[in-house]
Amino acid sequence: MTFLILTFSLIAFSSVSYLVCRNRVLYKIKVTQTASKSLPKHYSQNLLIWSFVPAFMLLLLFTIGTPRLLDSLYSERIAEAHPHFSLSEIQLNLSKVKNIVAGAVSSDDDSVNIIAGEFASSFQNFEILKSLSIILLCMLCSIIFIKNIDLSKNARESVESFLKGAFLVSAIIAILTTVAIIVSLSVEAIRFFSLYNFFDFIFGLHWAPNIAIREDQVAAQGSFGMIPVLLGTIVVATIAMFVALPIGLFSAIYLAEFASKPVRDIMKPILEILAGIPTVVYGYFAALTAAPFFRDLGVGLGISVSSESAIAAGSVMGIMIIPFISSLSDDVIRSVPQSLRDGSFGLGATQAETITKVVLPAALPGLVGAFLLAVSRAIGETMIVVMAAGLSAKLTVNPLETVTTVTVQIVSLLTGDTEFDDIKTLSAFGLGLALFTFTLLLNVLALTISRRLAERYD
């Protein structure tokens, strides 16, 4: 049985067990005429904890462990059948065996077919064992729990303790995931800096990762100065924020402070529709509409505008992130206590004065958070830049010229047939670490500013 089928089976069985447990508790209360320490639902929730959770954890264990175990066993099986095979040849034959089992390929090699048959049989046996073990474990735990319901025990405390533990584990997983990302990124970046000078990368003014074919060519080892790429990222993100910030913030102020409920109910969903449009659609719009518009506008004004320009990509990116600012800012502004507004009006302030001197300062930390989310979204965008701004890294702040961004270069460097240990590929991790550091410093700066400027209300 597949993972989804078993998961849905566990959910269905647990749901039935939940109802049975609830009815059992009600029956015992009625028969014994004793008050329970908790509500019936708490006992049923305990049942879910002690039946569904262990079975689901066992399912995860089988799902993760079975492929690894089979790979290990049949790698040894192939090695025994072909002692002269190298490790790469063993892995290649193991992949071939898996493809034969999946029906993707066929083979005339009898030894490979025999191993494939054994692999298929072992896999089927493991699947049967997994299904039976998980279902039986869930049933057994449910039956034991229902038969041993003790109304004198406080089931609510057990449920709350489990939830606290689950929340703690979730927080630890999130932290460890972040640490793992940073460590993996740093390790590969260190490998890159062992091949290329750190200061040349940080302060270099020329980005040309394409390794020359001949050694006598200029930059035969490639040039990896990140300044042009980082500058392009800043230019595109700045243009996007110049478009998104005023429109998003002003629309949020209108929706929160001026719009009637019918108008708000119509306008806010329409604004949020923009968040659901795929970025590739924005890329098409930028390449086919925005870029020709700015080029034709430049011709009319006597200004040279590149067919792929930062202003085209940045403007469309700004339109894309308007919902992030407007929706979050609207929620933040509406969360400001009405008593602050009433107090301001009572002192004779106008609505405009109340908004600028009371509401916005009170909402400033939340507005900064919305701004940071929008900036991060703009910095991390790739598709729009690829389609509208190009791939050429230029040391320029002119929004009318072709630029590229860090994310675009990372995608470009990690695609293709280049070996993973190549300096060109490793440079992507250097860019990733630099982008992470840049966004981290940006977040710290923004939070520091918001804390100093924010007015605190009791």
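(1) over 20 Å from the mean Cα position of the chain (by Cα); (2) in a helix (DSSP H, G or I); (3) crowded, with 19+ Cβ neighbours inside 10 Å; (4) small (Gly, Ala, Ser): which one isn't true of Gly390, the others all being true? With (1) over 20 Å from the mean Cα position of the chain (by Cα); (2) in a helix (DSSP H, G or I); (3) crowded, with 19+ Cβ neighbours inside 10 Å; (4) small (Gly, Ala, Ser) applied to Gly390, the lone miss is (2).
Can you confirm whether Phe293 is assigned by TED's automatic domain parsing to the domain that holds Met383, more than 24 Å from Leu231 (Cβ to Cβ), of a type in the set (Phe, Trp, Tyr) and surrounded by fewer than 16 Cβ atoms within 10 Å (Cβ to Cβ)? I'd like the intermediate steps shown before the answer.
Details: assigned by TED's automatic domain parsing to the domain that holds Met383: yes; more than 24 Å from Leu231 (Cβ to Cβ): yes; of a type in the set (Phe, Trp, Tyr): yes; surrounded by fewer than 16 Cβ atoms within 10 Å (Cβ to Cβ): yes.
Spelling it out, Phe293 is indeed assigned by TED's automatic domain parsing to the domain that holds Met383, more than 24 Å from Leu231 (Cβ to Cβ), of a type in the set (Phe, Trp, Tyr) and surrounded by fewer than 16 Cβ atoms within 10 Å (Cβ to Cβ).
Of the residues making up the range 153-183, those that are under 19 Å from Leu39 (Cα atoms) and aliphatic (A, V, I, L, M) are Ala155, Val159, Leu163.
Quick check on this structure: which one of Ile311, Ile333, Ile321, Ile247 is modelled with pLDDT of 85 or more, under 19 Å from Ala374 (Cα atoms) and touching a Lys or Arg at 6+ places or on another chain (Cβ under 8 Å)?
Details: Ile311 fails: touching a Lys or Arg at 6+ places or on another chain (Cβ under 8 Å); Ile333 fails: touching a Lys or Arg at 6+ places or on another chain (Cβ under 8 Å); Ile247 fails: touching a Lys or Arg at 6+ places or on another chain (Cβ under 8 Å).
Result of the check over Ile311, Ile333, Ile321, Ile247: Ile321.
Residue pairs whose Cβ atoms lie under 9 Å apart, separated by 6 or more positions or on different chains, with the first residue in the range 360-381 and not assigned by TED's automatic domain parsing to the domain that holds Thr233 and the second acidic (Asp, Glu) and in a helix (DSSP H, G or I), do not occur.
Quick check on the range 1-51: of everything there that is of a type outside the set (A, V, I, L, M) and in a loop (DSSP other than H, G, I, E, B), which residue is farthest from the chain's Cα centre (by Cα)? Top of the filtered list is Gln33. Looking only at residues in the range 250-272 that are among the small types (Gly, Ala, Ser) and part of a helix (DSSP H, G or I), which one is modelled with the lowest pLDDT? The extreme case among them is Ala256. Exactly one residue out of Leu70, Leu39 is in contact with a helix residue (DSSP H, G or I) (Cβ under 8 Å, 6 or more places away or on another chain) and under 30 Å from Lys164 (Cβ atoms): that is Leu39. Considering (1) in contact with a Pro (Cβ under 8 Å, 6 or more places away or on another chain); (2) modelled with pLDDT of 80 or more, the lone condition that Ala275 does not fulfil carries the number (2). Considering each residue of the range 197-218 in turn, none proves to be modelled with pLDDT of 85 or more, under 26 Å from the mean Cα position of the chain (by Cα) and in a helix (DSSP H, G or I). Test Val299 against the stated conditions and say whether it is buried (at least 19 other Cβ atoms within 10 Å of the Cβ), more than 34 Å from the chain's Cα centre (by Cα) and either at positive phi or in the same structural domain as Ala244 (by TED's automatic domain parsing) (or both). Taking the combined requirement at face value, the residue does not satisfy it. Can you run down the residue pairs with Cβ atoms below 9 Å, 6 or more apart or on separate chains, where the first is in the range 232-250 and within 16 Å of Met320 (Cβ to Cβ) and the partner is acidic (Asp, Glu)? From the range 232-250, the pairs are Val236/Glu381; Ala237/Glu381; Ala240/Glu381.
A quick yes/no check of all residues on (1) surrounded by 15 or more Cβ atoms within 10 Å (Cβ to Cβ); (2) hydroxyl-bearing (Ser, Thr, Tyr); (3) assigned to a helix (DSSP H, G or I); (4) in contact with a strand residue (DSSP E or B) (Cβ under 9 Å, 6 or more places away or on another chain):
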site: Ala287; (1), (2), (3), (4): yes, no, yes, no
site: Ile303; (1), (2), (3), (4): no, no, no, no
site: Ser306; (1), (2), (3), (4): yes, yes, no, no
site: Pro323; (1), (2), (3), (4): yes, no, yes, no
site: Ser327; (1), (2), (3), (4): yes, yes, yes, no
site: Val332; (1), (2), (3), (4): yes, no, yes, no
site: Val336; (1), (2), (3), (4): yes, no, no, no
site: Ser344; (1), (2), (3), (4): yes, yes, yes, no
site: Ala349; (1), (2), (3), (4): yes, no, no, no
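The values are calculated or read from the model by the stated rules, or taken from the named source; none is laboratory data. Nothing here was measured: the structure is a model prediction, and the numbers come from that model. Because the Cβ atoms are built from the backbone with ideal geometry, glycine has one as well, and the counts that use them run over all protein chains shown.
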